[in-house]
1. Does any residue in the stretch 72-84 that is basic (Lys, Arg) come within less than 8 Å, Cβ to Cβ, of a residue that is assigned to a strand (DSSP E or B) six or more places away or on a different chain, and which pairs are these?
2. Considering only the stretch 32-91, state which residues are touching a Gly at 6+ places or on another chain (Cβ under 8 Å) and of a type in the set (Val, Ile, Thr).
3. Hey, could you check the stretch 26-85 for residues that are among the acidic types (Asp, Glu) and over 16 Å from Asp12 (Cα atoms) and say which is surrounded by the fewest Cβ atoms within 10 Å (Cβ to Cβ)?
4. What helices (runs of 4 or more DSSP H) lie completely within the stretch 10-91 and have 2 or more residues being in contact with a helix residue (DSSP H, G or I) (Cβ under 7 Å, 6 or more places away or on another chain) and β-branched (Val, Ile, Thr)?
Amino acid sequence: MDQPIKVLLLDDHPLVLEGLKNRLEREQDMQVVETFSDPLEVLKRISTIKPDVAVIDISMPGMTGFDLAIEIKQTYDMAIKLIVLSGYVYD
């Protein structure tokens, strides 16, 4: 097997964050390398963590997941894939 996919998780709800982490850690080809509840911390540390994929919550205090995704793509020269989660219910 090749190297596992390195996954970074960001969500401001501890239960959601823990649930995502537990689920992904059951996959043999994935490794959760770091979890965050603050998008600004992600910006400070993402270049040293170098994840393959970042799963980020869309709605967080201080910075939205969309804003964070734009900032990551504009600031860092990484081939990182971004997945943005939403818990919104649309009518």
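Every number in this text was worked out from the coordinates using simple rules, so none of it is lab data. Here the structure is a predicted model, which means the values were calculated and not measured. Cβ coordinates were reconstructed from backbone atoms using ideal geometry, including for glycine residues, and neighbour counts include every protein chain displayed.
1. Sorted first by the residue in the stretch 72-84, then by its partner, the pairs are Lys73/Leu82; Lys81/Val53; Lys81/Ala54.
2. Answer for the stretch 32-91, where residues must be touching a Gly at 6+ places or on another chain (Cβ under 8 Å) and of a type in the set (Val, Ile, Thr): Ile56, Ile58, Val84.
3. Ranking the qualifying residues of the stretch 26-85, first place goes to Asp77.
4. In the stretch 10-91, the matching helices (runs of 4 or more DSSP H) lie at 39-49.
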